Amino acid sequence: MTNFNITPDRRKNFNRTKWTWYKKDILPMWVADMDFPAPKPILDALHKAVDHGVLGYEIPGTVIQETVAARMDRLYSWKVKPESVLPVTGIVSGFTVAARAFCSPKKGVAIQTPVYNEFHQVKNNVGIPQLDIPFVKNVEGNLISYEIDWDLFEKRVKKAGIFLLCNPHNPLGIIFSRKELTRMAEICIRNKVLIVSDEIHSEVLLDGNTFIPMAKISSEVAQNTITLVAPSKTFNVPGLFCGFAIIPNKELRERYEAERSHLSLHVASMGLHAARAAFSGKCDPWLAELQEYLTANRNFMLEYVTRYMPGVRTTVPAATYLGWLDFTQTDIEGSPYEFFKDKARVALSEGKIFGNEGAGHVRLNFGTSRNTLEQGLERMRKALSAL
């Protein structure tokens, strides 16, 4: 059994990290990495590579492609040909390459907002239009949920070169249903829009939930989809910068690969070693324990907010380790991010970086020990009570 209540001291680092970005008296609950050590099979693989002593050039080969393909088959019964798997330096570079290859100044990127802040950087990094598709927000008591405005979805998507999907969704924690995925795919195919599906959180599932890759919906959808996966969020190795683009369509894959080659994006060998261990299946018992712990942390957060923070509303994430808190009905003036940083000494993620709809909201990372989570929530409660 893994004891997730014990976490290493992350302040002992000469580089800037989640725990050293702010002053020492500020509790960090912002950037999306966890405070838990990676599972032992990954650490063993890295130690083995270092102990060998020769850290030379390593080019991704068929073994890692076969490992990723086997993972997709084992998890989803999704038959992926190994040659469809292209290593990338991460999910952000993965969808940026896609935007460079398949968008233009007239055909930009469509995104569902509020959404992961790096989605909003594509328009600047590539020089293309951004087409926002805001979710419809629903409120029931102190709980909030979001749904798709389908008329707006089609209106915006038809003007795009790619639809950049975040599933499971960051920061809302949504796992889209087969019905929703099918409808999104049908609209994109009808309008000749490529789907790029960021599925980096697809194994960080809560409550025993299941996940369906967009490309698994049908062979037709698979031929119109670039799927991006990585071990980074699930197994807490984001600093190794290794991900994969799965592209069954040979023509799309060749265009994507050409653009990737132009940018000289090479995955470091340590990332490849970690990915092979992560996707081998050897880490799955650890992952099951992690999912159980994160579900309990999410429940603790929901119960705490409901009981001790009147006026605060929150999502119930089905996946990820990210909470989305709405402070628009409280007495906080201005940004809740700034309020809690100054008054509670807690660093959260500013809601506005996820889109205009995020004003008055924050994202809270509960991928940490229960003690740290409770400490952060208690600081926030006290700051609110003092208003």
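The length gained on full extension between Asn5 and Glu289, counted as 0.36 nm times the residue separation minus their Cα-Cα distance, comes to 101.0 nm. Note that the range 332-337 has calculated 3J(HN,Hα) couplings of 5, 9, x, 7, x, 4 Hz, one per residue in order, obtained from phi through the Karplus relation 6.51 cos²θ - 1.76 cosθ + 1.60 (θ = phi - 60°); glycine and proline are x. Oblate is the label for the range 167-248, because the ratio a/c of its alpha-carbon gyration tensor axes (a ≥ b ≥ c) is 1.5 or higher and a/b is not greater than b/c.
Here the range 30-122 is treated as an ellipsoid with the same Cα gyration tensor; its semi-axes, largest first and in whole Å, are 30, 20, 16.
For Cα pairs less than 8 Å apart in space and 6+ apart in sequence, what is the mean separation divided by the residue count of the chain, i.e. the relative contact order in percent?
Relative contact order for the chain comes out at 23 percent.
Put +1 on the Cβ of each Lys and Arg and -1 on the Cβ of each Asp and Glu in the chain; which of Gly208, His169, Thr372 then has its Cα farthest toward the positive end of the dipole? So the residue we want is His169. The calculated FRET efficiency for Asn13 paired with Ser218, based on their beta-carbon distance and R0 = 41 Å, is about 0.35.
Sequence-distant contacts, meaning Cα pairs under 8 Å at least 6 residues apart, place the relative contact order of the range 164-258 at 24 percent. When only the Cβ of Lys, Arg, Asp and Glu is charged (+1, +1, -1, -1), the dipole of the range 319-379 relative to its Cα centre reaches about 260 debye. Farthest toward the positive end of the dipole of the range 1-153, out of Val54, Thr67, Leu86, is the Cα of Val54, where the dipole comes from beta carbon charges about the Cα centre. Full extension of the segment from Phe300 to Thr210, taken as 0.36 nm per residue of separation minus the current Cα-Cα distance, would add 30.2 nm. Using a 10 angstrom cutoff on alpha carbons, build the Gaussian network for the chain and name the most mobile of Pro285, Pro171, Pro213. Its mean-square fluctuation being the largest, the pick is Pro285. Candidate cross-link partners of Lys155 among the aspartates and glutamates, defined by an alpha-carbon separation under 13 Å and a same-chain spacing of 8 or more, comprise Asp132. In the full protein context, the chain carries 45 Å² of accessible surface per residue, based on a 1.4 Å probe and ignoring ligands, DNA and RNA. The helix-only estimate of mean residue ellipticity at 222 nm for the chain, built from DSSP H runs of length n ≥ 4 each weighted as -39500 (n - 2.57), is -11000 deg cm²/dmol after division by the residue total. Within the accessible area of the chain, the carbon and sulfur atoms contribute 51%, probe 1.4 Å, all protein chains present. For the range 1-80, the list of chymotrypsin sites (Phe, Trp or Tyr not before Pro) that fall in a loop by DSSP and count at most 12 other C-beta atoms within 10 angstrom reads Phe14, Trp21, Tyr57.
Each residue of the range 32-44 was assigned a 3J(HN,Hα) from its phi angle through the Karplus curve 6.51 cos²θ - 1.76 cosθ + 1.60 (θ = phi - 60°); the sequence is 8, 10, 9, 8, 9, x, 5, x, 4, x, 6, 4, 4 Hz, with glycine and proline shown as x.
Between the beta carbons of Lys23 and Leu152, assuming R0 = 35 Å, the FRET efficiency works out to 0.25 to the nearest 0.05. Among the GluC sites (Glu not before Pro) found in the range 291-387, those both in a DSSP coil and sparsely packed, with 12 or fewer other Cβ atoms within 10 Å of their Cβ, are Glu333.
Summing +1 for each Lys or Arg and -1 for each Asp or Glu among the other residues whose beta-carbon sits under 10 angstrom from that of Pro39 gives -1. Take the Cα of Ala70, step 7 Å toward its Cβ, do the same at Asn138, and the gap between the two points is 4.2 nm.
Considering only DSSP states other than H, G, I, E and B, which trypsin sites (Lys or Arg not before Pro) in the range 17-115 qualify as loop sites with at most 13 other Cβ atoms within 10 Å?
Passing sites in the range 17-115 are Lys23, Lys24, Lys79, Lys106.
Straight-line reach from Lys341: taking Cα to Cα under 13 Å and skipping same-chain neighbours fewer than 8 places apart, the aspartates and glutamates in range are Asp25, Glu350. Classify the range 65-115 as rounded, prolate or oblate from the Cα gyration tensor: take a ≥ b ≥ c as the square roots of its eigenvalues, call it rounded if a/c is under 1.5, otherwise prolate when a/b beats b/c and oblate if not. Here the range 65-115 falls in the prolate category. Computed from backbone phi, the HN-Hα couplings of the range 320-330 come to 6, 10, 10, x, 10, 10, 10, 10, 5, 9, 9 Hz, rounded to whole numbers (Karplus: 6.51 cos²θ - 1.76 cosθ + 1.60, θ = phi - 60°; Gly and Pro given as x).
By the Stokes-Einstein formula, at 0.890 mPa s and 25 °C, the range 218-356 with its Kirkwood radius over alpha-carbon pairs has D equal to 130 µm²/s.
Report the paramagnetic label zone for Lys40: residues of the range 277-298 whose backbone N is under 11 Å from a point 7 Å from Cα along the Cα-to-Cβ axis. Correct set: 286.
The values are calculated or read from the model by the stated rules, or taken from the named source; none is laboratory data. Note that the coordinates shown come from a computational prediction; the quantities given were computed from them, not determined experimentally. Heads up, the Cβs are rebuilt from the backbone with ideal geometry, glycines too, and the neighbour counts pull from every protein chain shown. Surface areas here come from the heavy atoms of the whole protein model, side chains and all, with no ligands, DNA or RNA. Shrake-Rupley method; radii C 1.70, N 1.55, O 1.52, S 1.80 Å.
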